[in-house]
Every structure is written in C-alpha cells, then in structure tokens.
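K.L.:
Can you read through this structure? Questions will come right after.
The values are calculated or read from the model by the stated rules, or taken from the named source; none is laboratory data. It should be emphasised that the depicted structure is a prediction, and the values quoted were computed from it without experimental measurement. Cβ coordinates were reconstructed from backbone atoms using ideal geometry, including for glycine residues, and neighbour counts include every protein chain displayed. Keep in mind that these areas ignore ligands, DNA and RNA; they rest on the heavy atoms of the full protein, side chains included. Shrake-Rupley method; radii C 1.70, N 1.55, O 1.52, S 1.80 Å.
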Amino acid sequence: MTARPGLRRARTIGLGLGVLALLCVGVVGVWRPWAVSPQTVPVAAAAAPLALAPLALPERPRVLVFGDSWTYGSAASDPSLGYAYVLADALGAETIVNGVRGSGYLKPGIDGPTFGERVALLDPTLRPDLVIVQGSINDRRMGAKGYDAAVGAAWDALAATYPDATIVVLGPAPHKLPIGKATARIDRDLARLAASRGWHYISPIAETWITPDNYATVIDAGLGRFHPSTDGHRYLAERLAEDLRRLTSESPVLAGESEEAVQR
C-alpha cells in the first residue's frame, strides 16, 4: 500500500526534527555554553623574583633598629652596649633603638606588645634613612598559623609610617645549637616574605654567624639566658655593618638569591 502524501511529509518532518534534536544534544554536550571556557579563566602567573637594587644611604645614615631583646641589648654588661647601639660606630651611623624583650610578630613582649602593635606606636617624625627589622625567635612556640598575615600587617604599617626609608629585614640568629626547627622555619618564612616585597634580607643562620667554634664567645648561656654577651653584641654589630656595607656596593640581585651566588 502506498502512503498518502500528507502522511509521508509528516514522517519526513518528524525524522528531520529527530535528527536535528540529536545534533543539538551532541553540540550542546560538547560546547556547554553555560560552562566557563578554560581559556577565559585567568591563570595566576608565578610571581617573578623582584630585582634588589643596592642600598642607597647617605654618608652618615639615620638608622632605626627595631626588634626584640637582642635589639634591646639583653645580657650585655649594659644595654647601651647592645649590637643596635654599637652598630652606630661600626657603620658610621646614628642609630635609634627600639627593642622590646620577648616581643615577636605574634607574641607580646615583657615591656611592650607585638611587633605590629609597636609599629603603630612609632614616632612618624623620626625620618630614618634605613629601618632594620630584627628577629624574632620569640615566635617559635606560636606556630605558623597567622604568622604570614601578622608579618605582612606589621611590614605594611612600617612602610606606611616611613615611606622614604629603606627597610632591611634581619632574620633570627640562633640562641642555641643545633638550630631548632621552629627557628629555621621562621628564617625561611621571613626570607620568602621579604623577597616577595623586594626587600633585602640578612640571614645570620644562612651566613653562619654563630657556629660551634664561636658559640661560647657570642652567646651567654648562663646568667645571660642564651642572649649575646657584651663581646657577642659587638661581634653581631660588626657582622651586620659588614653586610650593610656590602649591600650598598654590590650589583643588583634577585630577591632570594643567595649571597654566595652574588659573590661568585
């Protein structure tokens, strides 16, 4: 029996619509217009190391040294013989010393609060040419949680308080040997955070300022409660001045590049 023309057209249209529907499903399944194309999602590029220019300091710089008990001058025969004070003669500079015993980025001190809170109390009219932020091993029992944020907030406030100053970070020095894991972690974290800002970082740990050979001379492990002795403070001032003089004369380097690589 021959199908009627009207029925034949209906079957043809139905078949065509079915094929078209299948094609649409296939295209939509591949295209998925509601999904975000991978090419439209911004991919975070790896942060390139920032170039560190040599320090530019006047002939007799005005230096603010900010830190913990080591900066305070603990265990020296007189606090005024602490490294931060002795640095003035070693570097040929004027130093302004702001050290609080027991203080860290997370840990409040004996004589004052945390680093961040202390920065908020600084005199904005000091107008230092250089700010040295020292330490601190006092955070070694506080853990890593919140550490980066606390460091970042303190450094942001410091840079805002003294926008014309150069900031150099002086990492923690070991009070005991072998170096504890928490102290080593703080050193790595501060080095990383300083590099991300293009700030110079001086690591007494990486540069082995304190070794088994000189430990007894540098650190008073008795009444000084593992702080630098008077001779130790003088030694630290000389090492710091030596590093700062080198940073004023060396070629530009990448943040985080080792000093050994620069000197080769």
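K.L.:
In what sequence, largest accessible area first, do I110, I219 appear using a 1.4 Å probe?
P.N.:
Working: I110 125, I219 5 Å².
Result, largest first: I110, I219.
K.L.:
Which value in nm describes the separation of the simple spin-label points at A56 and A120, placed 7 Å from the Cα toward the beta carbon?
P.N.:
Here the answer is 3.4 nm between the modelled labels.
K.L.:
Quick check: residue separation of S249 and D231 times 0.36 nm, minus the Cα distance between them. What number comes out in nm? Display every interim value, and only then the final one.
P.N.:
Working: separation 18, 0.36 × 18 = 6.48 nm, distance 2.76 nm.
Taking S249 through D231 to full extension adds about 3.7 nm, to one decimal.
K.L.:
Residue by residue, what Karplus-based ³J(HN,Hα) values in Hz, rounded to whole numbers, does the range 221-231 have, using 6.51, -1.76 and 1.60 with θ = phi - 60° and x for Gly and Pro?
P.N.:
In residue order, the calculated couplings are 8, x, 4, x, 6, 6, 10, x, 6, 4, 5 Hz.
K.L.:
Ranking request for peptides 84-94, 227-237, 130-140, 176-186: highest mean number of other beta-carbon atoms within 10 Å first, then the rest in descending order. Provide the component values of the computation, followed by the final result.
P.N.:
Numbers: 84-94: 19.6, 227-237: 22.2, 130-140: 24.3, 176-186: 15.1.
Going from most to least packed, we get 130-140, 227-237, 84-94, 176-186.
K.L.:
Jot down the radius of gyration and Dmax of the range 131-227, Cα atoms only, both in angstrom.
P.N.:
14.3, 42
K.L.:
Which residues' amide hydrogens lie under 5 Å from the amide hydrogen of H227, considering only partners 5 or more residues apart or on another chain, with H built in the peptide plane?
P.N.:
D220
K.L.:
Name the residues whose placed amide hydrogens come within less than 5 Å of the amide hydrogen of G104, ignoring near sequence neighbours (fewer than 5 apart) on the same chain.
P.N.:
Residues meeting the criterion, in which the H sits 1.01 Å from N, are G109, F115.
K.L.:
Among 95-108, 114-127, how do they line up by average Cβ neighbours within 10 Å per residue, starting with the highest?
P.N.:
Numbers: 95-108: 21.4, 114-127: 15.5.
Highest-to-lowest ranking by the protection proxy: 95-108, 114-127.
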